[in-house]
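Values quoted throughout were computed directly from the atomic coordinates according to the rules given, and no laboratory measurement underlies them. What you see is a predicted model, and the numbers here were worked out from it, not measured in a lab. Cβ placement follows ideal geometry from the backbone for every residue including glycine, while neighbour counts extend to all protein chains displayed.
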Amino acid sequence: MRAGAAPWPGWPTPPWLPWRPSVPVPPTLSPASGPAIGPDRYQVGEEVAQAVRECFGERAPLVIRPDGTGRWLCDLWSANRLLLREAGVADHRIHVAAVPTGADFFSNRAARPCGRFGVLARLRPRDGGAPR
């Protein structure tokens, strides 16, 4: 099976929900994410913090932390990695760009109203040869 996807539902849908698989995850799946807002920049309110606690339970501190202002910092990179692991994807197959949007890379939130998003994906045959 070869597949590509670029989910981003936007708020108010929690951004990590699309990663919950409804079908078995193939062992050869190599998901990649990023660039995305960095863990030190994604400030959220109590409603998102509560959704994270409900989604991750005791693992929530791996995804959110108080920022000292009464709000929270949310780590989407870690959230996606945790959910992919939960779905059965091996760590070595999960690729996170760890490139934060904002200062040096385009950020929709910083450039609103904008509406520019793009995805480039390439699927290779299993034998590693050129795409058909």
Point to revise | If the convex hull is drawn through the Cα atoms of the stretch 32-102, its volume per residue in Å³ | key: 81
Review point. To the nearest 0.05, how large is the calculated FRET efficiency for H95 and Q43 if R₀ is 25 Å and r is the Cβ-Cβ distance?
Key: 0.45
Practice item. Place a +1 charge on the Cβ of each Lys and Arg in the stretch 32-102 and a -1 charge on the Cβ of each Asp and Glu, then give the dipole magnitude about the Cα centre in debye, rounded to the nearest 20. Key: 180
**Study point:** Extension reserve of the Q50-T69 stretch, reckoned as 0.36 nm per residue once the Cα distance is removed
**Key:** 5.2 nm
